[in-house]
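Bear in mind these aren't lab numbers, they're just calculated from the coordinates by the rules spelled out. From a predicted model like this one, the values you see are computed outputs, not experimental measurements. Methodologically, a virtual Cβ is constructed for each residue, glycine included, from the backbone with ideal geometry; neighbour enumeration extends over all protein chains shown.
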């Protein structure tokens, strides 16, 4: 690397984008963002507290739900400081090291959440398709090993990304498309060939988001096949009703994630506003909606929450 390029890398910073053209109303925009952040923190923390303190909720479904709440909390904590910094204080500059660290944590948590959603689909598959063996298949030690594998897979696959972007030289200032750092955005700012980064990032997306979504789809095909074989329509509806909250979580996670992964690579003519909107939807909506959906759909969890407020 030449001395010029080393200088560019050493002193470069990235500029985070807020919402272009709406700078005059950032303060007003920050109000719903802040409320969503607070609600997501309180909601997910509340679910974790209730599940931890109530022994009757120490079941596979609720253990998976608590893991999902932890990843949602992590995503909110990692992304919201820079988002609110832009909206409140107009602090748009972020150093390379801070950006690479944020990039690592965001993508690692995304990978872990995708794995957790797959495990929750497996939980529903066993509960509906093989209910007599549910307790013997999903034991606590086995669930713990599954959760550990989710974390190991996420860290192992995402660990190379910061190092892959760190080796590049960058211009002094580069404007990112979001108010936080994503690999697919950072690599486009590099003053070098990004073929390796593009290929590895796409492989990671296919091995995590792609494979997990296909396995979730397969599990629901098997669930639907089992449910349709049930003669009683009431039993059929009851079985499907247990999957509604998980399906909502899957759709909230994968639809924006697919857009964020594919649009920067293949949507050269796509609207910049669409990318920004998808980014905010992905980072803010699932951590906000997931605890609400599960609290409404799960009778046991709903009763514990009501009891906690009544006391």
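Principal-axis analysis of the Cα atoms of the chain puts helix 140-158 at an angle of about 20° to the longest axis.
How tilted is helix 299-310 with respect to the longest principal axis of the chain? Cα atoms for both, answer in degrees (0 to 90, nearest 10). For 299-310 against the chain, the angle is about 80 degrees. Length gained on full extension, residue 237 to residue 34, computed as 0.36 nm times the residue gap minus the Cα-Cα distance: 69.3 nm.
Does anything in the range 54-68 have its amide N under 13 Å from the 7 Å Cα→Cβ label point of residue 140, and if so which residues? Answer for this model: 54-60, 63.
When you have a sec, figure out the Kirkwood radius of the chain from all distinct Cα pair distances and drop it here in Å to one decimal?
After inverting the pairwise mean of 1/r, the radius is 21.0 Å.
Averaging the sequence gap over all C-alpha pairs within less than 8 Å and six or more residues apart, then dividing by the number of residues, gives the chain a relative contact order of 27 percent.
When only alpha carbons are used to place a centre, the range 276-290 and the range 27-85 end up 12 Å from one another. Sequence-distant contacts, meaning Cα pairs under 8 Å at least 6 residues apart, place the relative contact order of the range 67-214 at 30 percent.
Report note on the peptides 77-87, 279-289: ranked by the mean count of other C-beta atoms within 10 Å, highest first, their order is 279-289, 77-87.
Residue exposure proxy: 185, 59, ordered by other Cβ atoms within 10 angstrom of their Cβ from fewest to most, comes out as 59, 185. Residue separation of residue 133 and residue 207 scaled by 0.36 nm, minus their Cα-Cα distance, works out to 23.7 nm of gained length. With only the Cα atoms considered, the range 65-139 has a convex hull volume of 86 Å³ per residue. For the range 196-230, the residues whose amide N sits under 12 Å from a probe point set 7 Å from the Cα of residue 258 along the beta carbon direction are 210-211, 213-214, 217.
Normalised size of the range 19-152, defined as Cα radius of gyration per 2.2 N^0.38 Å with N residues, equals 1.32. Cut-off 10 angstrom, C-alpha nodes, Gaussian network model of the chain. Which of 220, 180, 191 fluctuates the most? Answer for the Gaussian network model of the chain: 191. Computed from the C-beta positions of residue 299 and residue 152, the FRET efficiency with R₀ = 25 Å rounds to 0.15. A protection proxy built from the mean count of other Cβ atoms within 10 Å ranks the segments 162-171, 64-73, most packed first, as 64-73, 162-171. How far, in degrees from 0 to 90, does helix 272-297 lean away from the longest principal axis of the Cα atoms of the chain, to the nearest 10? The angle comes out near 20 degrees.
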